[in-house]
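To keep things clear, I will list the structure first and then write my remarks on it.
Just so it is clear, none of the values below were taken in a lab; they were calculated from the coordinates. Remember, predicted model here, so these are calculated numbers, not experimental data. We place every Cβ from the backbone using ideal geometry, glycine too, and count neighbours over all the protein chains shown.
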Amino acid sequence: MIFLHLLKESLYFAFNSLILNKLRTFLSLLGITIGIFAIISVFTVIDSLENSIRDSIAKLGDNVVYVDKWPW
């Protein structure tokens, strides 16, 4: 029973803190949202680049490798 009482009290303090500090709550949620969006964007770009490279290599054929010397 002590565990339930402590859980109830902790939840009360947590929600009370969220309600009283609206700006901090908003900024925290905004930061979490931007972070999740950034991670999803990076994975999407990496997947797109990987598919593009695979398609470019597939156009060359199965047993063909081109090696070019760059002029610098």
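Select from 45, 16, 4 the residue farthest towards the positive end of the dipole of the chain; place +1 on Cβ of Lys and Arg, -1 on Cβ of Asp and Glu, and compute about the Cα centre.
After comparing all options, I get 16.
Could you give log10 I(q)/I(0) at q = 0.12, 0.15, 0.29 Å⁻¹ for the chain, computed by the Debye formula over C-alpha point scatterers of equal weight, without solvent?
The Debye formula, applied to the Cα set alone, gives -0.65, -0.78, -1.14.
Might you report the magnitude of the Cβ-based charge dipole of the chain about its Cα centre, with Lys and Arg at +1 and Asp and Glu at -1, to the nearest 20 debye?
Around 380 debye, computed over the chain.
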